[in-house]
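The values are calculated or read from the model by the stated rules, or taken from the named source; none is laboratory data. The structure presented is a predicted model; accordingly, all values stated were derived computationally and were not measured. Cβ placement follows ideal geometry from the backbone for every residue including glycine, while neighbour counts extend to all protein chains displayed.
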Amino acid sequence: MTDLFKSSEDEAIARNAPLAVRMRPMTIDEIVGQDEFLGQGKLLRRMLSAGRLTSLIFHGPPGTGKTTLAYVIARQSDCQFHGLDAASTSVAQVREISKQARALLASVEKRTVVFIDELHRFNRAQQDVLLKDVESGVIILIGATTENPFFVINSPLLSRSTIFRFNTLTEAGIIDLCRRALTDKERGLGKCNVRADDDALAHIAKISDGDARRALTALEIGVLSQSERADGGEIVFDLQTAVESIQQKVVRYDRAGDEHYDAASALIKSMRGSDPDATVYWLARMIVAGEDPRFIARRIAILASEDVGNADPRAISVAAAAFEITERIGLPECQLTLAQAAIYMACAPKSNASAMAIWKAVSDVKNNRTVPVPYHLRNAPHPKMKELYGHSEGYQYSHDYKGGISPDQDYLGVDKNYYTPTDRGYEKHITAYLEWARKLREEAKTD
């Protein structure tokens, strides 16, 4: 493997790099988090220990160690290493590296690791350039992405790689990283004589929201901004300094990515699950992150019919009103309307009976033989249509009969049951009405 900082230029850059870069772990044991695959006896650690490295895809939020782990693997493996950024890498560069990798493998049987940061920025054609050499083992690809790899990376490339999902770091993990940086005299802030209060580090850990890079950047700002004033004395990193250093929390959210769909899914499932507290939290998460309020209003409207249905027929009116008000007044005021509507849905009795009815009926229409409209139900705009074809012949006008129920009218022509109301909310009244209508028809037949 080539020395990552082999030139004097590289060394100067390394010395002046941000704290988050300087404090990158050098070994697997220094990495915080990701115990699911880096813990003792876990898959990736076993692969590295056995020297059986395959192509890897790392995906997860920023600041969780994807790039760090790639460089640690590069240091530990007996391979030639090339680090690329997809945003600034051309197909010609990739082809040249592949050419060098083949020659190296043929001459000294040494393999090549190619790390590509932000792999999702490679389009399909660029990714296809990698495929042949990844499949043959000429290069070992390590790709890092913040996007969902199943949507942004070619399926053939995914099938030839082992995929690892990175999770955000815990607050305890962030605090541990900060303490390491404060005591490390070679790469960290150990020479600055810093006394960091526990509540200050806890604040950084909370506001950084699992992003190690953001936490270390805030720590560096807080310490270096006081270094001249300290004049060689003790630097106190207290809560006030921490608040000033990191300021506002950044909510991770991509309106076209997983965070968007995951939050929407959580909102819908919380309303469906009758949990108003979870409902309003996920609603707040989406609003603070800048979600289009009309998207939220649409989700509420869909749920009103799909999951509340006739158990509370007022729900659809609440949803319609919420959508209209959201369209008219926008944010920030419409958050009140959205909260009221979402909480109403969460607290309403639930039934998907009407949704199930239309899904089953649509499936029958699409997949089975089309049921013709019975002749007695057909329209007869001209008298000859009734006389010649039997349109509307024998139709029983419901209001002419007891209770408004015709005794033996067939409205479908086949024996099918699509709608089965529940015993929840208003649907228990619908169930009672349908049972009453059935008995009335039976009585009429026996009279």
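The residues of region 265-281 that are farther than 13 Å from K350 by Cα and in contact with a Ser or Thr (Cβ under 6 Å, 6 or more places away or on another chain), listed by number, are A278, T279. Scanning region 129-160 for residues that are surrounded by fewer than 18 Cβ atoms within 10 Å (Cβ to Cβ) and hydrophobic (A, V, I, L, M, F, W, C), we see that the one that is farthest from the chain's Cα centre (by Cα) is V129.
Filtering region 206-229 to residues that are surrounded by 23 or more Cβ atoms within 10 Å (Cβ to Cβ) and of a type in the set (A, V, I, L, M) leaves A212, A215, L216, A218, L219, V223. Taking every residue in region 125-143 that is over 12 Å from T112 (Cβ atoms) and pairing it with any residue that is basic (K, R), at least 6 positions away or on another chain, the pairs with Cβ-Cβ distances below 7 Å are V129/R95; E135/R160.
Within region 175-207, the set of residues being more than 15 Å from L239 (Cβ to Cβ) and either outside the structural domain of V236 (by TED's automatic domain parsing) or in a loop (DSSP other than H, G, I, E, B) (or both) comprises D184, K185, E186, R187, G188, L189, N193.
In this structure, A74 does not satisfy being surrounded by fewer than 17 Cβ atoms within 10 Å (Cβ to Cβ) and under 28 Å from I174 (Cβ atoms).
Among the residues of region 413-440, those identified as of a type in the set (D, E, K, R), outside any helix (DSSP H, G or I) and modelled with pLDDT of 90 or more are D423, R424.
For region 34-50, the tally of residues that are without any contact (Cβ under 8 Å) to a residue 60 or more places away in the chain and either among the hydroxyl-bearing types (S, T, Y) or within 24 Å of E171 (Cα to Cα) (or both) stands at 7.
The residues on offer are D238, D198, and the sole one that is touching a residue at least 12 places away in the same chain (Cβ under 8 Å) and either within 27 Å of F166 (Cβ to Cβ) or not hydrophobic (A, V, I, L, M, F, W, C) (or both) is D238. Screening S88, S107, S49 for residues that are closer than 30 Å to A218 by Cα, out of contact with any Cys (no Cβ under 8 Å at 6 or more places or on another chain) and surrounded by fewer than 17 Cβ atoms within 10 Å (Cβ to Cβ) leaves exactly one candidate, S88. Just one of (1) in a strand (DSSP E or B); (2) surrounded by 17 or more Cβ atoms within 10 Å (Cβ to Cβ) fails for I163. It is (2).
From the list E443, E393, pick out the single residue that is more than 43 Å from the chain's Cα centre (by Cα), of a type in the set (D, E), surrounded by 12 or more Cβ atoms within 10 Å (Cβ to Cβ) and assigned to a loop (DSSP other than H, G, I, E, B). Show your work before the answer.
Numbers: E443 fails: assigned to a loop (DSSP other than H, G, I, E, B).
After applying the criteria, what remains is E393.
Quick check on region 325-346. Is at least one of its residues within 25 Å of the chain's Cα centre (by Cα), under 27 Å from N417 (Cα atoms) and assigned to a helix (DSSP H, G or I)? Within region 325-346, none of the residues are within 25 Å of the chain's Cα centre (by Cα), under 27 Å from N417 (Cα atoms) and assigned to a helix (DSSP H, G or I).
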